[in-house]
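Comments concern the structure below.
The values are calculated or read from the model by the stated rules, or taken from the named source; none is laboratory data. The structure presented is a predicted model; accordingly, all values stated were derived computationally and were not measured. Every residue, glycine among them, receives a Cβ derived from its backbone with ideal geometry; neighbour counts consider all protein chains shown. Protein only, heavy atoms only, side chains kept; ligands, DNA and RNA dropped before computing areas. Shrake-Rupley method; radii C 1.70, N 1.55, O 1.52, S 1.80 Å.
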Amino acid sequence: MDSRLEAADDVQEVAVHLRGVVLPDDEVRDLWVRDGVVSFELVPGAETLCDSGWIVPGLVDAHCHVGIRYGGGVEDRDGAIAQAEIERDAGALLLRDAGSPIDTRFIDDHEDLPRIIRAGRHIARPRRYVRELGIELDDERDLPEIVAEQARFGDGWVKIVGDWIDRSVGDLRPLWSDAILKEAIDAAHANGARVTAHVFGEDALPGLINAGIDCLEHGTGLTDDTIELMVEHGTALVPTLVNIDTFPEIADSAAKFPTYAAHMRDLHRRVRTTVANAHDAGVPIFAGTDAGGSIRHGRIAEEIAALSGAGFSAHDALGAASWHARTWLGRPSIEHGAPADFVVYVDDPRVSPDALTDPYAVVLRGRVMKTRNPVTGHR
């Protein structure tokens, strides 16, 4: 690593040069950054940020919630900015916000914060999701209209709650009929948006997939049959393994509902096999932490490690949180003329388990947001 750009509190805005192994192609090459974009052509006078290391397209947390306070409740503007800063410093430079109770478009005015792709607000039924967070519909026949409204409000995504505990039966149950799901998803598509759904259990999955849903969040109840349906329909999965690891704690707190508690424990017990089976079958899978609420922000490295423990190669696990996720969300990776969003590591992040948690540099839209001293290793 070159020491000419050292750790600093101020954002670096000078033209910079980098040399290292550029992923995903594993190719040693030189990059330059000028006016916020990547150049494959020499920029005279650029200061060298690094002359070795691994350069990775900006990480993606494909399921997080900027605007939901850790521990529960609605976050204020300052808190939402702080959440985005934590993600940025962890190298997550593109966030797919899978439902937020606040309008976070003010974050777009901050050039030093990650870009957010928003899915609007969760859409649920009364007492069938976390209070305060979602839009609650008394009549499911209103779902297509509300989905269309959220499609126009969001950034190309809509989030519905597919299943949740039904206290009258004491277990997970679907929220919507199959017919109304088809109408709602068609309405989103007609408004240029994709639809994703929170779903833990087994029962809601066939209706969601057959209705044309574009993605499933969590998907812990997937079986061989519903995995086959996902492949047939091209449905993506964001398994949020960091969040699924909280299922035993959720079960412990649900003593009044023993069937539900046992179900949650069983879903947790087999989740890594479930994800491995989906991956082997060819389901597109992307990394998301479900940060916000019960999960702290900045944990994308842990989610990548969890995917590695669920049948992914180290290369594919990183890709699920970087170049593959960027392509899925319609954002470029490291390309000539593309926004300069990438993370630099001293060691290969696919080999060293600690590398992902300690980036050498984070570059966001051409600005060097964070570096560490290459000699001492301390920021």
Query - Exclusive hit being free of Cβ contacts under 8 Å to residues at least 24 places away in the same chain and out of contact with any helix residue (DSSP H, G or I) (no Cβ under 7 Å at 6 or more places or on another chain), set S308, S294, S352, S322 - result: S352
Query raised in the report: What about P349, is it over 17 Å from the mean Cα position of the chain (by Cα), on the phi < 0 side of the Ramachandran plot and not in a helix (DSSP H, G or I)?
Result: yes
Report summary line: Note on segment 304-334: residues among the charged types (D, E, K, R) and in contact with a Pro (Cβ under 9 Å, 6 or more places away or on another chain) are R326, R331
Query raised in the report: Taking the condition open to solvent by 10 Å² or more (accessible area, probe 1.4 Å) and among the hydrophobic types (A, V, I, L, M, F, W, C), does V346 pass?
Result: yes
**Report entry** Some residue of segment 182-195 being under 12 Å from I123 (Cβ atoms), open to solvent by less than 10 Å² (accessible area, probe 1.4 Å) and outside any helix (DSSP H, G or I)
**Finding:** yes
Query raised in the report: Which of the residues spanning segment 152-164 are open to solvent by 10 Å² or more (accessible area, probe 1.4 Å) and farther than 12 Å from H198 by Cβ?
Result: R152, F153, G154, D155, G156
Report task. Write out, first by first residue and then by second, each pair whose Cβ atoms fall under 7 Å of each other, whose residues are 6+ apart or on separate chains, and whose first residue, in segment 37-66, is at positive phi while the second is crowded, with 22+ Cβ neighbours inside 10 Å. Result -> G53/G20; G53/V344; G53/Y345; G53/Y360
Report task. Considering (1) farther than 17 Å from P284 by Cα; (2) part of a helix (DSSP H, G or I); (3) open to solvent by less than 50 Å² (accessible area, probe 1.4 Å), say which one T226 fails and leave the rest. Result -> (1)
Query raised in the report: Do the conditions hold for V130, that is, is it of a type in the set (V, I, T), at pLDDT below 95 and under 20 Å from H297 (Cβ atoms)?
Result: yes
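Just to verify a result, which residue in segment 82-123, among those that are of a type in the set (G, A, S) and over 24 Å from Q150 (Cα atoms), is nearest to the chain's Cα centre (by Cα)? Steps first, answer last, please.
Of the residues in segment 82-123, the ones of a type in the set (G, A, S) are 82, 84, 90-92, 98-100, 119-120.
Okay, now just the ones that are also over 24 Å from Q150 (Cα atoms), so 82, 90-92.
Working: A82: 17, A90: 13, G91: 12, A92: 9 Å.
Checking each candidate, the answer is A92.
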Query raised in the report: Looking at segment 86-100, which of its residues are of a type outside the set (G, A, S) and either modelled with pLDDT under 95 or within 19 Å of V56 (Cα to Cα) (or both)?
Result: I86, E87, R88, D89, L93, L94, L95, R96
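Specify the residue that is farthest from the chain's Cα centre (by Cα); the eligible residues are those in segment 174-215 that are among the polar types (S, T, N, Q) and within 19 Å of W164 (Cα to Cα).
Checked segment 174-215; the qualifying residue farthest from the chain's Cα centre (by Cα) is S177.
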Report summary line: L318 meets each of (1) of a type outside the set (V, I, T); (2) within 20 Å of L208 (Cα to Cα); (3) part of a helix (DSSP H, G or I); (4) open to solvent by less than 10 Å² (accessible area, probe 1.4 Å) with one exception, condition (2)
Report task. Could you list, in sequence order, all residues of segment 27-37 that are within 14 Å of S333 (Cβ to Cβ) and under 24 Å from the mean Cα position of the chain (by Cα)? Result -> V37
Query raised in the report: In segment 130-151, what count of residues is obtained for those that are open to solvent by less than 40 Å² (accessible area, probe 1.4 Å) and either among the polar types (S, T, N, Q) or outside any helix (DSSP H, G or I) (or both)?
Result: 5
